[in-house]
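Notes follow the structure.
Read the figures in this text as sums done on the coordinates, not as results from a lab. For clarity, every value in this text was computed on a predicted model and none was experimentally measured. Every residue, glycine among them, receives a Cβ derived from its backbone with ideal geometry; neighbour counts consider all protein chains shown.
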Amino acid sequence: MVVLTVAALLLGGLAWLVHWRAMADGLWIAGTLVAVVPSLAWVVAALRRRRAGVDLLAVLALIGTLLVHEYIAGVLIAVMLATGRALDATATRRASHDLRALLEHAPRFARCRIGDTMTVIPLADVVAEDLLFVGPGEVVPVDGRVEGAVAVLDESVLTGESLQVERAIGEPVRSGVVNAGSGFELRASANAEQSTYAGIVRLAEQAGAESAPIVRLADRYAAWFLPLALLMSGVAWLAGGSAVRAVAVLVVATPCPLLLAAPVAIVSGLSRASRQGVVIRSGGALENLGHATTLVMDKTGTLTMGRPVVVDILAVPGHDATEVLRLAASVDQMSPHVLAETIVTEAATRNLELSVPTEVVEQPGRGVTATLDHRTVAVGKLAQECAGSGWVRAAVNRAALDSAAIAWVSVDDVPVGAVLLRDPLRRNAPRTVRRLRAAGLNRLVMLTGDRAAPAREVGAVLGLDEVCADQSPADKVTAVRAERVRAVTVMVGDGVNDAPALAAATVGVAMGARGATASSEAADIVLTTDRLDRLADAMDIARWSRHLAVQSAVAGMALSLVAMVVAALGWLPPAAGALLQEGIDVAVILNALRALRGNPSVGMDLSGDTVHLLRRFAGEHDQLRDTLTLLRDAADRLAARPDKSALDALQRASTFLTEQLLPHEHAEEAELYPALAEPLGGTEATATMSRTHAEIQRLTDRIGTHTALAEVAGSVQPDQVDDLLACLYGLYALLHLHFLQEEENYFTLADDEPAVRPQLDGRQPVRQ
């Protein structure tokens, strides 16, 4: 349409210049008719929805120019109309709510065992009581119960929980989850149509169908501009007795500022957002994002990392925690299990030298056993006969308190340690939540399929307004619908289980950095950077773009109103009015293009040296955090018995504090905090952290004094125990809090790049 109307305008202009007036008029009439036909279709479609938008006024102007023989005015309006529609189409071209990924993920065939024969049958042919085989890595095709052997499953696709689960013989399994262990047999309890995964697909389709159609900004303003233009046109005709005047009014009233300015501003906003790692599929989504006030979030992969990490290593008294990790990683490097991968990664991060195991045996649901240096090392579940010891009970309690999974490490059937793993909160999550509130979201709700305890912990740390745990996909949809009734609601998620809720929200946002998922297909917005704070940046861009769209439209309509008055008085013929309208269009388009730059600021301007300092100290934190357990270990030994081993532990803790921790804190005070003063607005921004440094110094000096006194006496004296325990436990808690505060307030400012993990022994830092 753009090509045809522009060609008709230019060719007609050439014909007019060589005095071929009849040909020029014919070309301009043709260009006008090119726009009239689709415009009539758009108007009819809008009227069927009981909505009269900007297109009706454009059609009246087009037809009016033909009736009064103002053909050049008609083709100019046609060009503007075609250009506006093309821009609007560009803004919505990427819309994709057909849930293609959901359907692609669903299995289409199943392996059915009949007697001793294994047959591949279409999924539609599976009925209840069929015995199916689910191979390693395959998707469970229908709901059923485990038979024959324990099943190890990755249920994150449905629940969002990143840790794998085990289902014993007879336990139910839902379709859509992935077999993360060895193959197992499944007794079908439902056919494909009645199974969980099919229900999620239907739920997402229904939620998407219920979403209200987006009303264009132009149509909202046309609701009052259209009757005003028609009224002025009628008055001009009646007062002046000339249809030409009426058409001239319609020509300058043609809502090109609405047809062009709003799409230009919106498309510019979409372009700018994409440069920040936010892919917005439609202009309507950008508009809605600009005035959203409620945010509903999934937990796993959104507020947390979405994958387990090692949070602590416990060692039986007499064993070293680093050696426990090395043994576990040496064995686990031969396992494909997600927890094994995490343990090996942690060992690699610490530059541990792993041994090559032999006679490796992996039992799904139990763990891995191998021979290392003529010893049998097992990583996984603990043997039943070892579960009664006091140390084991203490480790289990510690894991329960931390909501962590346990990988037990045994040597020759004797437990020597345990590795605790959990899905941690994203380092920048607290700052992100504050940033989202500053962007205009006044209600933050978390919906998760995870258990209540870890969900409440995350909600408390982040200060969320409401936390709902143990949520099924249907529960999430119900909650999102309830929020949408009260306010414009944004839903953020990253799994198949979130797809229906994303479709039900006013604006669905998918964390899509880890690949295309069903949530990405069902969403209006995809965050490609795996950083939720980019949503706040997108909201700022959306508000700025919408502000410019409104500003341009209002200014353009105001100028058009002045021109309408002039045309109604007979002082502005249709052709001149069309040219004047072109001038107005150019002005409002230039203003709308400001959406490509300007108001929203993304991030904070930091010098390269400051960014390097932030990454350096962030890496040192990672190293020091691993050693903080020396303080707790010394306190635990001292509380149990102030003997020689307690003094040794106290000496190790004191050496760590004086040789590693204090130099780190002094360097932060001397180098990092002054560098942050200017970008953070002055030294007051780091004053609280400086006061914490002073308290760390005081407690360290006190522990050092106690250590020196105990060394002189040969052991820790009874009158020292209470104060030492207070100092050790207090400093341990203070350092954990201090590290979290620095990471949240400062280190996240440089999160765009990989962190530098320096070696504290003077070797070169490494990147990961």
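Loop only by DSSP, 16 or fewer other Cβ within 10 Å of the Cβ. Give me the GluC sites (Glu not before Pro) in region 353-430 that pass, ordered by residue number.
Numbers: sites: GLU353, GLU359, GLU362, GLU385; in loops: GLU353.
Loop-located and lightly packed - GLU353.
Can you tell me which lysines have their Cα less than 29 Å from the Cα of LYS299? Leave out same-chain residues fewer than eight positions away.
Straight-line reach from LYS299, under 29 Å: LYS381, LYS476.
Of CYS468, CYS112, how do they rank once you tally other Cβ atoms within 10 Å and put the fewest first?
So the ranking, lowest neighbour count to highest, is CYS468, CYS112.
Sum up the charges of everything whose Cβ sits under 13 Å from the Cβ of ALA487, counting Lys and Arg as +1 and Asp and Glu as -1, but leave ALA487 out.
Counting the neighbours of ALA487, the net charge comes to +2.
Translational D (Stokes-Einstein, µm²/s) of region 106-203 at 4 °C and 1.567 mPa s when Rh comes from the Kirkwood sum over C-alpha pairs? Could the numbers behind the result be given before it?
Working: Rh = 13.1 Å.
D, rounded to a whole number, is 99 µm²/s.
Quote the FRET efficiency, to the nearest 0.05, computed for ALA86 versus TRP20 with a Förster distance R0 of 41 Å and r equal to the Cβ-Cβ distance. Don't skip to the end; give the middle numbers.
Details: r = 29 Å, r/R0 = 0.72.
So, using R0 = 41 Å, E works out to roughly 0.90.
Out of every Cα-Cα pair in region 309-422, what percent are more than 18 Å apart?
Considering region 309-422, 43 percent of its Cα-Cα pairs are separated by more than 18 Å.
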